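Supplied in structure tokens, the structure appears directly below.
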Amino acid sequence: ILREATAIAARLLGHDGAGPLPPDTSLLDLGFNSLIAVEFRDALAEAFGLDLPSTLIYQTPTLRAVADHLAAEIAQVNP
């Protein structure tokens, strides 16, 4: 889950692939803005088949926190 979320974030940020995005750095510090946040949420929702809140990056401020949140959501959908 973390790998997929990181790949989506890197694509949206135009990351050149010189190395992975750090999973414990704030999404805002990575360069997220409100438009990228919505695109990220939408891409994650599509990739994982989940209904995610528009406030996702404010509730889960790092890629690791996003992955943990997604894992918990997936566990609830597929107990």
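Name every residue in region 60-79 that is open to solvent by 60 Å² or more (accessible area, probe 1.4 Å), under 17 Å from ARG3 (Cα atoms) and assigned to a helix (DSSP H, G or I), in order of residue number.
Selection gives ARG64, ASP68.
How many of the residues making up region 6-36 are open to solvent by less than 30 Å² (accessible area, probe 1.4 Å), assigned to a helix (DSSP H, G or I) and small (Gly, Ala, Ser)?
2
Kindly indicate whether ILE57 is modelled with pLDDT under 95 and open to solvent by less than 30 Å² (accessible area, probe 1.4 Å).
Taking the combined requirement at face value, the residue satisfies it.
Continuing with the same structure: Out of region 37-47, which residues are open to solvent by less than 50 Å² (accessible area, probe 1.4 Å) and either of a type outside the set (Gly, Ala, Ser) or more than 22 Å from ALA71 (Cα to Cα) (or both)?
Once the filter is applied, which keeps residues that are open to solvent by less than 50 Å² (accessible area, probe 1.4 Å) and either of a type outside the set (Gly, Ala, Ser) or more than 22 Å from ALA71 (Cα to Cα) (or both), region 37-47 yields PHE40, ARG41, LEU44.
The values are calculated or read from the model by the stated rules, or taken from the named source; none is laboratory data. Worth saying up front: this structure is predicted, and the values here are computed from it rather than measured. Ligands, DNA and RNA are stripped out before the accessible areas are found, and what is left, the full protein with its side chains, is counted by its heavy atoms. Shrake-Rupley method; radii C 1.70, N 1.55, O 1.52, S 1.80 Å.
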